[in-house]
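Before any comments, here is the structure.
The values are calculated or read from the model by the stated rules, or taken from the named source; none is laboratory data. Just so you know, these numbers come straight off a predicted model, no measurement behind them. Here the Cβ positions follow ideal geometry from the backbone for every residue, glycine too, while neighbour counts run over all protein chains shown.
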Amino acid sequence: MKARDKEVKEIILTDVCAFTLGTEVSVERREGVFESGHFCPIIERNTVIPTSRTERFYTIRDNQEKIRIQVYQGESRLTVNNLLLGSLEISVPKNKAGEEPVDVTYTYDINSILEVEAKVISTGKVKKQIIKGKYNTMTDEEIRARMEELSYLKISPRDQEENRLLLLRGEQRYEESTGDRRIWIEGCIREFEAALDSRDRDRILDAGRKLRKEIGREEE
């Protein structure tokens with residue numbers, strides 16, 4: 001590349017997730033009738049790693065006592081066509097269907113280590129499973145240490161101080177504004193909130209810059 005273009009100053013190589021990682025979910029075909037075997041992506045292929053992503057799932061039956069997280073790798077919308085990597089099962093309190101949410105977090109490292117974490121929201125109970133690549137030779141102690149190093153990735157973007165402060169400033173500007181200006185600022189805030197919920201770093205940066213720009217205009 002440098003030989004072809006004298007303007008190239010630096011080459012940055014990044015590791016990415018080669019295949020999509022996700023879990024099996026059931027889809028409601030008609031009221032009360034669910035079809036299992038569908039694939040829900042959690043970490044999309046080509047995502048820069050290390051990375052951590054969280055999705056929230058719910059019980060589908062009244063008095064359901066357990067949720068099983070089946071971990072798959074692949075691109076098909078049906079799990080039967082993807083590769084099963086492992087599974088994790090966690091107990092949930094008996095409740096009405098859809099009333100017990102569980103947050104499932106995938107944390108993937110450049111060393112082909114995938115940590116799957118399930119957290120029951122109502123009880124705070126957490127269960128984890130480590131899945132490592134075929135050629136990974138790290139010891140259990142080394143893997144635990146590496147996962148601790150990556151714990152910062154699990155902090156929700158909404159809970160990061162800089163993002164919380166930006167939302168607070170946006171709310172202040174909204175309250176100080178009127179008319180079309182207020183509507184425009186609200187749109188920027190909603191866009192930033194949606195970006196935070198997506199956990200997409202580039203999307204968060206773009207939406208954050210847009211909101212800061214609008215706030216800056218108000219402060220000038």
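Selection of first residues in the range 55-72 that are on the phi > 0 side of the Ramachandran plot and in the same structural domain as ILE121 (by TED's automatic domain parsing) and of second residues that are surrounded by fewer than 19 Cβ atoms within 10 Å (Cβ to Cβ) and not basic (Lys, Arg), restricted to Cβ pairs under 8 Å at least 6 apart or on distinct chains, gives the following pairs, ordered by first then second residue: ASN63/ASN95. When the range 110-166 is limited to residues that are of a type in the set (Lys, Arg) and assigned to a helix (DSSP H, G or I), the one that is farthest from PRO50 (Cα to Cα) turns out to be ARG164. Among the residues of the range 178-217, those identified as part of a helix (DSSP H, G or I) and farther than 15 Å from LEU167 by Cα are GLY179, ASP180, ARG181, ILE183, SER198, ARG201, ASP202, ARG203, ARG217. Scanning the range 85-136 for residues that are closer than 20 Å to LEU153 by Cβ, among the hydroxyl-bearing types (Ser, Thr, Tyr) and free of Cβ contacts under 8 Å to residues at least 40 places away in the same chain yields one hit, SER112.
Only residues that are more than 16 Å from the chain's Cα centre (by Cα) and closer than 18 Å to CYS17 by Cα were counted in the range 79-131, giving 11.
Under the condition of being of a type outside the set (Asp, Glu) and crowded, with 17+ Cβ neighbours inside 10 Å, which residue from the range 180-202 is nearest to the chain's Cα centre (by Cα)? Before you say what the answer is, go through the steps one by one.
Kept after step one, since they are of a type outside the set (Asp, Glu), are these residues of the range 180-202: 181-185, 187-190, 192, 194-196, 198-199, 201.
From the residues that got through so far, the ones that are crowded, with 17+ Cβ neighbours inside 10 Å too are 185, 188-189, 192, 195-196, 199.
On the way: ILE185: 26, CYS188: 22, ILE189: 20, PHE192: 16, ALA195: 11, LEU196: 10, ARG199: 5 Å.
In this case the residue turns out to be ARG199.
Here ILE121 fulfils each of the conditions (1) surrounded by fewer than 17 Cβ atoms within 10 Å (Cβ to Cβ); (2) in the same structural domain as ALA194 (by TED's automatic domain parsing) apart from (2).
Take LYS134 and tell me if it is at pLDDT 90 or above and in the same structural domain as ALA118 (by TED's automatic domain parsing).
Details: at pLDDT 90 or above: no; in the same structural domain as ALA118 (by TED's automatic domain parsing): yes.
In short, no.
When the range 140-163 is filtered for residues that are surrounded by fewer than 11 Cβ atoms within 10 Å (Cβ to Cβ) and in contact with a helix residue (DSSP H, G or I) (Cβ under 9 Å, 6 or more places away or on another chain), only GLU162 remains.
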